[in-house]
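All remarks here apply to the structure that follows.
The values are calculated or read from the model by the stated rules, or taken from the named source; none is laboratory data. Note that the coordinates shown come from a computational prediction; the quantities given were computed from them, not determined experimentally. Here the Cβ positions follow ideal geometry from the backbone for every residue, glycine too, while neighbour counts run over all protein chains shown. The protein model used for the area step is the full one, side chains on, heavy atoms only, and it has no ligands, DNA or RNA in it. Shrake-Rupley method; radii C 1.70, N 1.55, O 1.52, S 1.80 Å.
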Amino acid sequence: QVQLQESGPGLVKPSQTLSLTCTVSGGPITAGNYAWSWIRQPPGKGLEWMGVIAYDGSTYYNPSHKSRTSISGDTSKNEFSLQLSSVTPEDTAVYYCAAARRYSATLVVQEYVHWGQGTQVTVSS
């Protein structure tokens, strides 16, 4: 019954912060049975893991983007969010939120059991 849905602006200007929210239905994000990730897919490229947040708020980030990535949770709204600062056109991608059964810095795509539909974010002036 777990469902995820991404939301946020589809267009972000270079140097600004990309902010997306994943709304989770069907269970509390604090239950401990899932870890909650952000994953993106740039045009013509493969999936890129951005980071994960655990039920207690612990996080891991992709080292390639760690310095400008923040994932946080809002338990009252049953949501978790992605903030990616100082964006460039290279950050243009479809952004997905997804749930895995394990909290780890080395999650692989096969471990994700629930996915949002994805949302297109374009970085352009």
Subject >> Which listed residue, of S67, S76, S86, is assigned to a helix (DSSP H, G or I) and open to solvent by 50 Å² or more (accessible area, probe 1.4 Å) >> reply: S67
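Identify the residue in region 22-38 that is surrounded by fewer than 19 Cβ atoms within 10 Å (Cβ to Cβ) and in contact with a Lys or Arg (Cβ under 8 Å, 6 or more places away or on another chain) and, among all such residues, is nearest to L4 (Cα to Cα). Break it down into steps so the answer makes sense when it comes.
Step one: list which residues in region 22-38 are surrounded by fewer than 19 Cβ atoms within 10 Å (Cβ to Cβ), which gives 23, 25-28, 30-33.
Right, trim to in contact with a Lys or Arg (Cβ under 8 Å, 6 or more places away or on another chain) and you get 23, 33.
Working: T23: 6, N33: 15 Å.
Among residues in region 22-38 that are surrounded by fewer than 19 Cβ atoms within 10 Å (Cβ to Cβ) and in contact with a Lys or Arg (Cβ under 8 Å, 6 or more places away or on another chain), the one nearest to L4 (Cα to Cα) is T23.
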Original post:
Hey, any hits in region 51-64 for a residue that's of a type outside the set (G, A, S) and closer than 21 Å to L11 by Cβ?
Top reply: no
Original post:
If a residue has to be in a strand (DSSP E or B) and out of contact with any Pro (no Cβ under 7 Å at 6 or more places or on another chain) to count, how many in region 89-113 make the cut?
Top reply: 9
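Rundown of residues vs (1) surrounded by 14 or more Cβ atoms within 10 Å (Cβ to Cβ); (2) over 23 Å from Q1 (Cβ atoms); (3) modelled with pLDDT of 95 or more, yes/no style:
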| site | (1), (2), (3) |
| --- | --- |
| R40 | yes, yes, yes |
| G51 | yes, yes, yes |
| E90 | no, yes, yes |
| V108 | no, yes, no |
| Q120 | no, yes, yes |
Original post:
Is it fair to say S124 is hydroxyl-bearing (S, T, Y) and either on the phi > 0 side of the Ramachandran plot or open to solvent by 50 Å² or more (accessible area, probe 1.4 Å) (or both)?
Top reply: yes
Original post:
Looking at (1) within 18 Å of Q1 (Cα to Cα); (2) surrounded by fewer than 18 Cβ atoms within 10 Å (Cβ to Cβ), which is the only condition A100 fails?
Top reply: (2)
